[in-house]
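To start, the structure itself, in structure tokens.
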Amino acid sequence: MGEKIRILLIEDNPGDVRLIKEILSPAKGGFEITAAEKLGDGLKLLSEKSFDLLLLDLGLPDSQGLETLDKARAHAPEIPIVVFTGLADEAVGFNAIHRGAQDYLFKRLIDSSLLVRSLRYAIERKDIERRIIESEERYRNIIETAMEGVLLINAEAVIIFANNRIAEMFGYTVDELLGKRLSEFMADKTGTEADLFLERRSKGIKKQHDIRFRRKDGADLWAIASTSALFDKKGQYVGILGMITDITARRQAEESLRESENKLSAITRTAADAIILIDDEGKVCFWNLAAERILGYSAEEVIEKNITLIIPDRYREAHTIAFSRFAKTGEGPLIGKTYEVFALKKGGAEIPVELSISGIQIKGRWHSVGIIRDVTERKRAASYPGIAQQNT
């Protein structure tokens with residue numbers, strides 16, 4: 001047999017108290033009754049002991065009407081309450097339910113079956129209510145502590161819910177966001193982008209994409225928006241639930257990287273010397289315009305090809321040994337130095353070049369950067385001083 005249901009009965013009529021105790025005697029359902037004649041005495045008992053339910057008369061010596069219920073709920077909001085009244089007035093009962101009671105009973109209409117069922121249902125309903133509140137609080141805590149911003153937008157594109165994170169991202173308070181149209185916070189002030197976005201969502205199209213918002217301070221806020229359309233039971237579109245992730249820092253980093261790449265591209269494109277990048281397998285990864293001009297191969301012809309393509313046969317054995325060491329350690333006899341050697345042009349002709357080599361790591365792998373300067377004219381001038389004098 002389970003534990004007894006502990007009931008506090010606040011009732012000033014001794015006859016009604018006897019009736020309730022008789023109906024709820026342990027032999028008829030496992031109830032344990034504690035009675036108090038006044039509201040003050042009952043509230044004191046609620047503070048001192050634990051009860052499963054409060055059966056409350058609205059007409060007491062120290063409290064009358066629905067104010068009695070209000071006082072009891074304020075004192076013990078967690079306990080289920082069944083109002084027990086001699087007033088056969090449905091309006092009183094409905095008002096009691098509206099103000100937090102789980103049920104109401106009229107003394108003149110009460111019987112054993114009705115009372116037992118009402119008390120048990122009241123306890124169950126209060127437990128369900130408690131679990132719903134706990135669930136709502138749990139999900140609200142998740143939403144409020146989420147790293148993502150959360151927006152709920154109705155069918156008219158008006159914001160009806162915003163969590164603290166989205167308010168922080170936009171630079172507004174939550175109250176400043178509520179009741180505003182989404183387009184008011186987008187960088188495209190014409191509303192075209194917002195209208196297109198909302199139209200697609202209203203058709204049930206789910207998509208994650210980048211959106212540029214405008215913060216309160218005027219700065220751009222780049223975000224990834226993951227959205228889902230909401231529909232009622234009739235299939236009518238009622239709004240959008242959106243999860244917003246701030247990617248402003250990432251976009252700024254991408255822009256900085258793009259600028260750096262553009263600058264590097266401009267430097268390598270206009271450089272007079274050949275600039276060549278090879279990976280740890282000896283394959284060409286980068287080949288600038290000067291390399292095309294000096295060595296005769298286009299970038300398309302050499303990318304992914306081995307660098308031995310431009311190395312004369314007499315150097316290849318030494319290159320293989322040195323490069324094997326470099327690929328593992330980033331070290332080698334030519335690293336950080338400048339040498340005069342010969343390189344093979346397309347077609348097989350050799351030209352004298354000045355070669356400077358350095359090593360860099362890319363994604364944990366050693367790569368070699370070679371800068372090649374064609375010194376053919378300098379060598380010719382050195383061999384024929386008269387030519388050099390004519391050119392000065």
Which listed residue is buried (at least 16 other Cβ atoms within 10 Å of the Cβ) and at pLDDT 90 or above, from LYS49, LYS71: LYS71
Hits in region 335-364 - residues which are aliphatic (A, V, I, L, M) and either farther than 19 Å from ARG293 by Cα or not assigned by TED's automatic domain parsing to the domain that holds ARG314 (or both): ILE335, ILE357, ILE360, ILE362
So SER358, is it part of a helix (DSSP H, G or I), closer than 14 Å to ILE278 by Cβ and under 51 Å from the mean Cα position of the chain (by Cα): no
In region 77-98, the residues that are assigned to a loop (DSSP other than H, G, I, E, B) and surrounded by fewer than 17 Cβ atoms within 10 Å (Cβ to Cβ): PRO77, GLU78, GLY86, LEU87, ALA88, ASP89
Index of the failed condition, ASP175 passing every other in (1) at pLDDT 85 or above; (2) loosely packed, with under 14 Cβ neighbours inside 10 Å; (3) not in a helix (DSSP H, G or I): (3)
Which numbered condition GLU292 fails, given (1) surrounded by 14 or more Cβ atoms within 10 Å (Cβ to Cβ); (2) among the charged types (D, E, K, R); (3) over 25 Å from THR376 (Cα atoms): (3)
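Tell me whether region 307-318 contains one or more residues that are surrounded by 13 or more Cβ atoms within 10 Å (Cβ to Cβ) and polar (S, T, N, Q).
Yes - at least one qualifying residue is present in region 307-318.
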Members of region 261-287 that are within 42 Å of the chain's Cα centre (by Cα), of a type outside the set (Asp, Glu) and closer than 20 Å to GLY359 by Cβ: LEU264, ILE267, THR268, LEU277, ILE278, LYS283, VAL284, CYS285, PHE286, TRP287
Options PHE31, PHE51: the member that is closer than 23 Å to GLY93 by Cβ, aromatic (Phe, Trp, Tyr) and without any contact (Cβ under 8 Å) to a residue 60 or more places away in the chain: PHE51
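Only one residue in ALA122, ALA167 is assigned by TED's automatic domain parsing to the domain that holds GLY242, modelled with pLDDT of 85 or more, part of a helix (DSSP H, G or I) and among the hydrophobic types (A, V, I, L, M, F, W, C). Which one? Explain how you work it out, then say what you get.
On the way: ALA122 fails: assigned by TED's automatic domain parsing to the domain that holds GLY242.
Just one listed residue meets the conditions, ALA167.
Would you call ALA343 in contact (Cβ under 8 Å) with a residue 24 or more places away in the chain, farther than 21 Å from ALA272 by Cα, in contact with an Asp or Glu (Cβ under 9 Å, 6 or more places away or on another chain) and not β-branched (Val, Ile, Thr)?
no
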Qualifying residue in region 223-232 (condition: farther than 30 Å from VAL353 by Cβ, in a loop (DSSP other than H, G, I, E, B) and at pLDDT below 85): yes
Checklist (1) under 28 Å from ILE166 (Cβ atoms); (2) polar (S, T, N, Q); (3) assigned to a helix (DSSP H, G or I) applied to ASN262, failing item: (1)
Region 229-251 residues that are in the same structural domain as ALA167 (by TED's automatic domain parsing) and on the phi < 0 side of the Ramachandran plot, paired with ones that are modelled with pLDDT of 85 or more and not in a strand (DSSP E or B) (beta carbon under 8 Å, 6 or more apart): MET243/GLU148; ILE244/GLU148; ILE244/ILE166; ILE244/MET169; THR245/GLU148; ASP246/MET169
Meets criteria (part of a loop (DSSP other than H, G, I, E, B), touching a helix residue (DSSP H, G or I) at 6+ places or on another chain (Cβ under 7 Å), within 20 Å of LYS38 (Cβ to Cβ) and of a type outside the set (Phe, Trp, Tyr)) for ALA101: yes
Residue list for region 325-355, filter: under 50 Å from the mean Cα position of the chain (by Cα), outside any loop (DSSP other than H, G, I, E, B) and not hydrophobic (A, V, I, L, M, F, W, C): ARG325, LYS328, THR329
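Results for (1) over 21 Å from ALA266 (Cβ atoms); (2) in contact with a helix residue (DSSP H, G or I) (Cβ under 7 Å, 6 or more places away or on another chain); (3) of a type in the set (S, T, N, Q); (4) part of a helix (DSSP H, G or I), shown as yes or no for each residue.
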site: ASP280; (1), (2), (3), (4): yes, yes, no, no
site: CYS285; (1), (2), (3), (4): no, no, no, no
site: ALA291; (1), (2), (3), (4): no, no, no, yes
site: ILE294; (1), (2), (3), (4): no, no, no, yes
site: LEU309; (1), (2), (3), (4): yes, yes, no, yes
site: ARG314; (1), (2), (3), (4): yes, no, no, yes
site: PHE323; (1), (2), (3), (4): yes, no, no, yes
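The values are calculated or read from the model by the stated rules, or taken from the named source; none is laboratory data. Quantities reported herein were computed from a predicted structural model and do not represent experimental measurements. Note: ideal-geometry Cβ built from the backbone for every residue, glycine included; neighbour counts use all protein chains shown.
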